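The values are calculated or read from the model by the stated rules, or taken from the named source; none is laboratory data. Remember, predicted model here, so these are calculated numbers, not experimental data. Cβ placement follows ideal geometry from the backbone for every residue including glycine, while neighbour counts extend to all protein chains displayed. The protein model used for the area step is the full one, side chains on, heavy atoms only, and it has no ligands, DNA or RNA in it. Shrake-Rupley method; radii C 1.70, N 1.55, O 1.52, S 1.80 Å.
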Amino acid sequence: QKVDKIFLSSIFKKNSNYLGINKFNLISKLSDSKIIALGGISKENKKLIRLTRSIGFAGISFFE
């Protein structure tokens, strides 16, 4: 569908079906598009985003 960026969620445990870093990386390799991490991101785990192929992150609860 020729998208530039994809939001991939949920990376961290906020619900029962979160991906975690390893699954997040495996799924993100399936696309040539840029990936943005979403879901369960907090100030404590924000630095772990660097371990992924993500170009950044988004999250409502992080900014509340």
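The table below lists the values:
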read-out	value
19 Å Cα-Cα threshold exceeded, pairs from Lys2/Lys46; Lys2/Lys29; Lys23/Lys47; Lys13/Lys47; Lys2/Lys34; Lys23/Lys46	Lys2/Lys46
Accessible area per residue, Å², the chain with all protein chains present, probe 1.4 Å	76
Carbon and sulfur %, accessible surface of the chain computed with the full protein complex present, 1.4 Å	53
For Leu38, net neighbour charge (Lys/Arg +1, Asp/Glu -1) across residues whose Cβ lies under 12 Å away	+2
Translational diffusion of the chain, µm² s⁻¹ [Kirkwood Rh, Cα pairs; Stokes-Einstein; 25 °C; 0.890 mPa s]	208
